[in-house]
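Just below is one structure, and these are the notes that go with it.
The values are calculated or read from the model by the stated rules, or taken from the named source; none is laboratory data. From a predicted model like this one, the values you see are computed outputs, not experimental measurements. Every residue, glycine among them, receives a Cβ derived from its backbone with ideal geometry; neighbour counts consider all protein chains shown. All accessible areas refer to the heavy atoms of the entire protein, side chains included, with ligands and DNA or RNA removed. Shrake-Rupley method; radii C 1.70, N 1.55, O 1.52, S 1.80 Å.
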Amino acid sequence: MPLVSLQNVHKIYRIADQEIRALDGVSFELEAGEFAAITGPSGSGKSTLMHLLGCLDTPTTGRIVLDGIDVSQADSDRLSHIRNRKIGFVFQSFNLLPRLNVLQNVELPMIYSGVSARERHQRAAEAVELVGLSDRVQNRPLQLSGGQCQRVAIARALVNHPPILLADEPTGNLDSKTGADILALFHDLNRQGRTIILVTHDAQIAAHARFQIEIHDGRAATRRTPHPVS
Amino acid sequence: MNLLVGLLIGLKEIRAHKFRSFLTMLGVILGVASLLSMFGLTAGMTKGMRDTLKSVGGVEQVRVVQKEVSQDLLPLRDVSPGRTLVDAMAIKKGSVLISHVSPEVNLGGATVSRGAHTARIPVVGATEDFLTVNIHEVAAGRFLSALDGERAQRVAVIGREVVRELWPEDPESNPLGQTVLINGRPFTVVGIFNFYEREADRRRREIARSEGRTPSKSTRDGWGMYRRKNQTVAIPLRTLFVEFKSGVLGPQNEDQGPDHRLTDLVLKVGDTDRFEEALSQVANILNFTHRGIDDFGFDTREDWFDRIESSARAARISGGLIASISLLVGGIGITNIMLASISERVREIGVRRAVGARQRDIFAQILVESTVIGFIGGLLGLAFSVVLLRLLVMISPAENAPFVEPGAVLISFGFAVVVGVVSGIYPAWRASTLDPIQALRYE
Ligand SMILES: Nc1ncnc2c1ncn2[C@@H]1O[C@H](COP(=O)(O)OP(=O)(O)OP(=O)(O)O)[C@@H](O)[C@H]1O
Ligand SMILES: [Mg+2]
């Protein structure tokens, strides 16, 4: 059974009389352990697709199954639960809480899964170590560089051990050197067995992915590269 | 998310914005302080009035009064002898629930004189129980004894005000053994009553004395009750009958024989818990002595206390309403600031939602924050009211000094917490219904 499965997914926004088909019949399947890249021009629907995969929203029609759970019509609480357990989300703009330090930011998802304070500390410290920031646990996000911030965000996405890691243009706010480092981190994580789906503008980056999803006007074309450039 | 985590987040938020949080709390602080002060003031006022009432006979005092006979018994009215010494004796013997019985006769418009000094002061014929029932105390000499009554002795116990009027040259002396004339008949002074005054006046007098000043004369005197009490002249009841009531002249100047009717019959109930029982017991006895004619009734202090209670309640409610409004305004302040702080934290809420916070987690977080503000504001309000009450104690008359009942503290503080909770509901609802995607994109 595939880890991610989309069947004829539509997302339609209606503003006044206008109908915006942000996603217009997207179908694909993704096995566990894949590394998928979503590409496409601006406004094509990449972020919309990520939001659906990340359970921040539900499709207008169509079916989405994540890790065996049909999330297409799930209610708000159920979606929250799935976001908490099944999804790790990395944003372009990091989205760290400025008043919390690194460790506290990484602990955040576990607060909503009822993990005890002690275990929270321990697991957060492990995740921070995994992204190579053990010496900055007490720092606030504003005291970190962009690349470090994104590492913290990745640690936060990993800390609940979700089966799916989503990243919407994770290198968009970083210079090319730092971006490459972050990308290398994603590849490392993938090698360790994590399933990763990331959105990118960079054809170079996409070329490294085994599975490519190209979106145009809300329609997706998928391609599998048996031996990606690496 | 458990409550403790929510509480920690709320506290952290408040600590991060100390000054803003304090300003937010200010409304609650002032509201609680004014609510508690108001409770203190009315409690003090009620207590002052109660104390005054107590000094002239507390709730255990019952007055047997004359009453209109009911219609169907009207023709038989004269069958009843009215309130007499017989009643007093029957009650004393027959009712175990009545501890003291004081039959009294007032000699209205009596003249009491000594040499050139004359005063028109009511003279009361009394028995031993008079002292207890009317909360009198003897400062010097002794009170009237049973023997005085039996022998119809011409002795008198007089109040301080009487001494001052008849011995103007030495108003604070105790003229024991001296003679006064009551309606022209000589009586020996055997006792002097205490000087009665309000607690506040006594304190003022003592302060004045310790500072070596002559105390200014008090202008208020507790509804005139203290003054009247200080003017008492008590003589044995039997003496009064013998000397002044032995031959009463009727309308045609004919001698009607001795008049044994009482002007007052005052009882003291031994156990106030069995008040009603005692009253019905007395009523039974009086029904017998009055030969079935219902020409008597009871006047209890209960009615007075009820009146005080209801006026205090009115004051409490109106004052409480005003103070509550200020607390509500404080609540609106909390709502306002919480809304502002939410619009500052839209992105944070988006992030929390993205990592798995449910709507109710966000709701709880905001509600806990406003509750904590109400809670801390309530505590600070209590602290502030300590200062405020101390100020009020200084400026209000001593016997009405505001004091704080535990219930008032609980109500004021509880109200502050409730205001905190309620004022957080709308902001919490707004925050929890934000769309996570929009919130994440919010700049
Ligand atoms: N909430 C919304 N309401 C209405 N239209 C929306 C909404 N969100 C997205 N859209 C529209 O859906 C289409 C797809 O938007 P989306 O954000 O998915 O594009 P994208 O591929 O992520 O673009 P970019 O590369 O610039 O980030 C766009 O035309 C956008 O205007
Ligand atoms: Mg986008």
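Values computed for the structure shown
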item	result
At 1.567 mPa s and 4 °C, Stokes diffusion of segment B:283-346 via Kirkwood alpha-carbon radius, µm² per second	76
FRET E, pair A:His10, A:Asp135, Förster distance 41 Å, beta-carbon r, rounded to 0.05	0.30
Helix-derived mean residue ellipticity, 222 nm - over chain B, DSSP H n ≥ 4, -39500 (n - 2.57), to 500	-18000 deg cm²/dmol
Beta bridges by DSSP in the protein assembly as shown, antiparallel share as percent, to the nearest 5	70
Interface residues in segment B:1-36 - accessible area drops by 30 Å² or more relative to the isolated chain, probe 1.4 Å	B:Met1, B:Val5, B:Lys12
Solvent accessible area, Å² - B:Lys18, 1.4 Å probe, full protein context	140
In Å², nearest 10: area of A:Ser93 left accessible to a 1.4 Å probe	50
Cβ-defined net charge surrounding A:Gln92, 12 Å radius [Lys, Arg +1; Asp, Glu -1]	0
Within the accessible area of segment A:4-224 (1.4 Å probe), percent carbon and sulfur	46
Rg(Cα)/(2.2 N^0.38 Å) for segment B:47-171, N = residue count	1.31
Residue order for B:Leu388, A:Leu166 - accessible surface, 1.4 angstrom probe, largest first	B:Leu388, A:Leu166
Helix runs (DSSP H) in chain B reaching 18 Å along axis by Cα, Kyte-Doolittle at least 0.0	B:3-16, B:18-55, B:275-289, B:301-344, B:359-395, B:406-432
Carbon plus sulfur fraction of accessible area for chain B, probe 1.4 Å, in percent	59
Charge tally in the Cβ shell below 10 Å around A:Asn105, where Lys, Arg are +1 and Asp, Glu are -1, A:Asn105 excluded	+2
Once the Cα gyration tensor of chain B is diagonalised, semi-axes √(5λ) in Å	69, 27, 15
Residues with amide H under 5 Å from that of A:Val199, placed H, sequence gap 5 or more	A:Ile38, A:Ala167, A:Asp168, A:Glu169
10 Å Cβ neighbours from other chains, averaged over peptide A:50-60	2
Estimated Rh, the protein assembly as shown: Kirkwood, alpha-carbon pairs, angstrom	33.3
GNM flexibility winner over chain B from B:Gln231, B:Gln61, B:Gln71 (Cα, springs under 10 Å)	B:Gln71
Volume in Å³ per residue [convex hull over Cα atoms, computed for segment A:4-224]	127
Gain in span if fully extended, B:Met89 to B:Glu137, counting 0.36 nm per residue against the direct Cα distance	14.9 nm
Backbone HN-Hα couplings from phi across segment A:21-28 [Karplus 6.51/-1.76/1.60, Hz, Gly and Pro as x]	8, 5, 10, 10, x, 9, 9, 6
Accessible surface, chain B, averaged per residue in Å² (probe 1.4 Å)	50
Relative contact order [Cα under 8 Å, 6+ residues apart], chain B, whole percent	31
Label point at A:Arg63 placed 7 Å out along Cα→Cβ; residues across segment A:1-31 whose backbone nitrogen lies under 15 Å	A:1-10, A:26-30
Accessible area (Å², per residue) of segment A:4-224, counting only protein heavy atoms and a probe of 1.4 Å	42
For chain A, calculated [θ]222 nm from helices alone, where every DSSP H run of n ≥ 4 adds -39500 (n - 2.57)	-10000 deg cm²/dmol
Charge dipole magnitude, Cβ of K and R +1, D and E -1 - the protein assembly as shown, Cα centre, debye nearest 20	1420
Accessible area in the full protein assembly, largest first, 1.4 Å probe, for B:Leu147, B:Leu26, B:Leu107, B:Leu321	B:Leu321, B:Leu147, B:Leu26, B:Leu107
All aspartates and glutamates inside 18 Å of B:Lys92 as judged from Cα atoms, apart from same-chain residues fewer than 8 positions distant	B:Glu60, B:Glu104, B:Glu128, B:Asp129, B:Glu150, B:Asp264, B:Asp271, B:Glu276, B:Glu277
Shielding by other protein chains, A:89-97, mean Cβ within 10 Å	3
Spin-label pair B:Thr433/B:Asp170, simplified geometry with 7 Å Cα→Cβ offset, distance in nm	9.0
Buried area at the A-B interface (accessible, heavy atoms, 1.4 Å probe, summed, Å²)	2100
Relative contact order (%) - segment A:163-230, alpha-carbon pairs under 8 angstrom, separation at least six	29
Centroid-to-centroid separation of segment A:175-206 and segment B:125-155 [C-alpha atoms, Å]	108
Segment B:269-391 - Kirkwood radius from inverse mean 1/r over Cα pairs (Å)	20.9
Hits among lysines - C-alpha to C-alpha of B:Lys47 under 25 Å, sequence gap 8 or more where chains match	B:Lys217, B:Lys229, B:Lys268
Rounded to 10°, Cα long-axis angle of helix A:102-111 versus longest principal axis of chain A	60
